[in-house]
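> Please read through the structure below; I'll follow up with questions.
The values are calculated or read from the model by the stated rules, or taken from the named source; none is laboratory data. Worth saying up front: this structure is predicted, and the values here are computed from it rather than measured. Every residue, glycine as well, gets a Cβ built from its backbone with ideal geometry; the counts of neighbours run over all protein chains shown. What goes into the accessible areas is simple: the full protein's heavy atoms, side chains included, and nothing from ligands, DNA or RNA. Shrake-Rupley method; radii C 1.70, N 1.55, O 1.52, S 1.80 Å.
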Amino acid sequence: MSNYIMDLRKVVGHAPLLQCAGSVIIENENGEILLGKRTDNHKWGYAGGSIELNETVEECAKRELFEETGLIADELEFFMVNSGPEVHYIYPNGDEVYNVEIIYLCRKYHGTLKRQEEEVEELRFFALADIPAEISDPIAPVVRKYIEMRKTQEK
């Protein structure tokens, strides 16, 4: 599979790109969510990444989940779209993006948890009350909305 964003970067350098992504928030049977600590900014986030040419959003989300965590999504449930000024981001290497991210929840999955060493320092399930404050900036709005949704469900 090609790497569309990396190919574009060869042409535009660090210039801002509109980046469309598919992501997955894994929730286990205990209601904990899986987060990975990123190797680039050392903050926590869920699995996700850029959509490749000729790939659906769902395929991207499942591919990124497997690449980053070793888990295979059996069912995806649409959660939200994350876009706008809050998701403008400049990566530690200087690459600038404006994200449009489609996020899914996944409660049915299988596989063996295994981190993608190039991108993920650590994988860990967190209870709602223990979700770390050090969330990667572009996905912080999603994590806040997830926490709000879960708290509403628990009432």
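> Going by average Cβ neighbours within 10 Å, how do the peptides 84-96, 59-71 rank, with the highest at the top?
The packing order, highest mean first, is 59-71, 84-96.
> Enter the angle in degrees (range 0 to 90, nearest 10) between the Cα long axis of helix 57-69 and the first principal axis of the Cα atoms of the chain, meaning the one along which they spread out most.
For 57-69 against the chain, the angle is about 80 degrees.
> Just reorder 46, 98 by solvent-accessible area, largest first, 1.4 Å probe, all chains present. Let's see the in-between values first.
Values: 46 25, 98 100 Å².
From most accessible down to least: 98, 46.
> Now for a separate question. Considering only 53, 127, 106, whose Cα is most displaced toward the positive end of the charge dipole of the stretch 1-134, charges sitting on Cβ of Lys, Arg (+1) and Asp, Glu (-1)?
53
> With +1 assigned to the C-beta of every Lys and Arg and -1 to the C-beta of every Asp and Glu, and no other charges, what is the dipole magnitude of the chain about the Cα centre in debye, to the nearest 20?
That gives a dipole near 300 debye.
> Among the aspartates and glutamates, which fall within straight-line cross-link reach of residue 155, defined as a Cα-Cα distance under 19 Å, with same-chain neighbours fewer than 8 residues apart omitted?
Excluding near neighbours in sequence, the set is 27, 29, 32, 130.
> Something else: Can you give me the relative contact order of the chain as a percent, contacts being Cα pairs under 8 Å and 6 or more apart?
RCO, the chain: 30 percent.
> So what are the ³J(HN,Hα) numbers for the stretch 11-20, from phi and the Karplus equation (6.51, -1.76, 1.60; θ = phi - 60°), rounded to whole Hz, Gly and Pro as x?
Per-residue couplings from phi come out as 8, 9, x, 8, 4, x, 10, 7, 10, 9 Hz.
> Leaving ligands, DNA and RNA out of it, rank 20, 106 by accessible area with a 1.4 Å probe, largest first. Walk me through the intermediate numbers first.
Values: 20 55, 106 0 Å².
Result, largest first: 20, 106.
> Another question about this same structure. I'd like the carbon and sulfur percentage of the solvent accessible area for the chain, probe radius 1.4 Å, heavy atoms only, ligands and nucleic acids excluded. Display every interim value, and only then the final one.
Numbers: 4420 of 8490 Å².
The value for the chain is 52 percent carbon and sulfur by accessible area.
> Where does each of 78, 125 land when they are ordered by accessible area, with a 1.4 Å probe and the largest first?
Ranking 78, 125 by accessible area, largest first, yields 78, 125.
> Now a separate question. What's the angle, to the nearest 10 degrees (0 to 90), between helix 140-154's Cα axis and the longest principal axis of the chain?
20
> If you count only protein heavy atoms with a 1.4 Å probe, what accessible area per residue comes out for the stretch 1-135, rounded to a whole Å²?
Per-residue value: 54 Å².
> Let me ask something additional. Let me check I've understood the local charge: for residue 12, count other residues with C-beta under 12 angstrom from its C-beta, Lys and Arg +1, Asp and Glu -1. What total comes out? Mind showing how you got there, number by number?
Numbers: positive: 9, 10; negative: 7, 95, 96.
Spelling it out: positives minus negatives among the neighbours equals -1.
> Next question, about the same structure. Calculate how many DSSP beta bridges within the chain are antiparallel, expressed in % of all such bridges and rounded to the nearest 5.
70
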